[in-house]
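*Asks:* A single structure is presented below for examination.
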Amino acid sequence: MDLSVEPGPNRTRRGLLIVLSSPSGAGKSTISRMLLSADPEVTMSISATTRPIRKGEQQDRDYHFVSEGEFDQLIAAGEFVEWAPVFDYRYGTPKAPVKAALKAGRDILFDIDWQGTQQLHAAMGEDLVRIFILPPSVQELERRLRARGTDGDEVIAFRMQRAGSEISHWAEYDYVLVNRDTDTCLAQVRAIVAAERLKRQRQLGLVPFVRDLVAGR
């Protein structure tokens, strides 16, 4: 799989693939929305999923809602950069939009779990920036889940049970943040993104520029 990016006439750097992961309720979706609103250079990756559409969601805006059969066909055709089962459904990232966004020099934000992150890391290498968000405590995590008002006691209990397994993968990420305050956590994410954009290997045209400087041109 080759998702390398060639420099364009107005490009100054390579794009980023930014992953935000966390146990359900720790705040990754809220931070994602705030980052998208604050930074016009970031585009949200829209996943395909086999789960039913929820009230207020729109096809091809929130997710690409597909049947189990359609999902199988996409896997067989190699159309996913990554895919993984999450709870009772499957989620996958379509390859074509990722390639198009990178070629246009845009940064892409992924709201995915550790399984998808592992696959992206294997495929994308240096283009990937992995950020894991932790809750300040188990008690606060449960409070946030209940405050959403979208799940019953049984679902919340299952999410809490699963949280420990998800948190155990924290060391596989490049950055780990504790979301005690949403605005502070967002500021930390933005600082990470700003620093990653300035990394030497992401600056297009830097080698010939430095070569000219050394040569006195």
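Bear in mind that the values in this text are calculations on the coordinates, not laboratory data. Keep in mind that this is a model prediction, so the values were computed, not measured. Note: ideal-geometry Cβ built from the backbone for every residue, glycine included; neighbour counts use all protein chains shown.
*Asks:* I'm trying to understand the selection: among the residues of the stretch 141-172, which are surrounded by 15 or more Cβ atoms within 10 Å (Cβ to Cβ) and assigned to a loop (DSSP other than H, G, I, E, B)?
*Replies:* Asp151, His169
*Asks:* Turning to a different aspect of this structure: Search the stretch 173-217 for residues being assigned to a helix (DSSP H, G or I) and either of a type in the set (Phe, Trp, Tyr) or in contact with a Gly (Cβ under 8 Å, 6 or more places away or on another chain) (or both), and hand back the single one that is nearest to Gly105 (Cα to Cα).
*Replies:* Phe209
*Asks:* Now for a separate question. Consider Arg90 against the criteria (1) touching a residue at least 60 places away in the same chain (Cβ under 8 Å); (2) surrounded by 15 or more Cβ atoms within 10 Å (Cβ to Cβ): it satisfies all of them except one. Which criterion is unmet?
*Replies:* For Arg90, the exception is condition (1).
*Asks:* If you go through the stretch 134-149 one residue at a time, do you hit one that is closer than 27 Å to Leu204 by Cα, under 21 Å from the mean Cα position of the chain (by Cα) and not hydroxyl-bearing (Ser, Thr, Tyr)? Show your work before the answer.
*Replies:* Restricting attention to the stretch 134-149, the residues satisfying the condition of being closer than 27 Å to Leu204 by Cα are none.
No, that holds for no residue.
*Asks:* Does the stretch 66-76 contain at least one residue that is in a loop (DSSP other than H, G, I, E, B), closer than 25 Å to Asn179 by Cα, in contact with a helix residue (DSSP H, G or I) (Cβ under 8 Å, 6 or more places away or on another chain) and among the aliphatic types (A, V, I, L, M)? I'd like the intermediate steps shown before the answer.
*Replies:* Taking the stretch 66-76 first, the residues in a loop (DSSP other than H, G, I, E, B) are 66-67.
Checking which are closer than 25 Å to Asn179 by Cα leaves us with none.
The answer is no; no qualifying residue exists.
*Asks:* OK, next. How about the stretch 11-67: which of its residues are surrounded by fewer than 19 Cβ atoms within 10 Å (Cβ to Cβ), in contact (Cβ under 8 Å) with a residue 12 or more places away in the chain, farther than 19 Å from Asp127 by Cα and among the polar types (S, T, N, Q)?
*Replies:* Within the stretch 11-67, Ser29, Thr30, Ser67 meet the criteria.
*Asks:* Any residue that is in a helix (DSSP H, G or I), of a type outside the set (Gly, Ala, Ser), in contact with a strand residue (DSSP E or B) (Cβ under 9 Å, 6 or more places away or on another chain) and closer than 24 Å to Ile53 by Cα - is there at least one of those in the stretch 117-140?
*Replies:* Taking the stretch 117-140 first, the residues in a helix (DSSP H, G or I) are 117-127, 138-140.
Pick out the ones that are also of a type outside the set (Gly, Ala, Ser) and you get 117-121, 124, 126-127, 138-140.
Narrowing the set further to residues that are in contact with a strand residue (DSSP E or B) (Cβ under 9 Å, 6 or more places away or on another chain) leaves 117-121, 124, 127.
Subset that is closer than 24 Å to Ile53 by Cα: 117.
Looking through the stretch 117-140, at least one residue is in a helix (DSSP H, G or I), of a type outside the set (Gly, Ala, Ser), in contact with a strand residue (DSSP E or B) (Cβ under 9 Å, 6 or more places away or on another chain) and closer than 24 Å to Ile53 by Cα.
*Asks:* When the residues of the stretch 68-81 are filtered to those that are among the charged types (D, E, K, R) and within 11 Å of Ala48 (Cβ to Cβ), which remaining residue is surrounded by the most Cβ atoms within 10 Å (Cβ to Cβ)?
*Replies:* This residue is Glu79.
A quick yes/no check of all residues on (1) loosely packed, with under 13 Cβ neighbours inside 10 Å; (2) touching a residue at least 24 places away in the same chain (Cβ under 8 Å); (3) within 23 Å of Gln115 (Cβ to Cβ):
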{"residue": "Gln188", "(1), (2), (3)": "no, no, no"}
{"residue": "Glu196", "(1), (2), (3)": "no, yes, yes"}
{"residue": "Gln201", "(1), (2), (3)": "yes, yes, no"}
{"residue": "Gly205", "(1), (2), (3)": "yes, yes, no"}
{"residue": "Gly216", "(1), (2), (3)": "yes, no, no"}
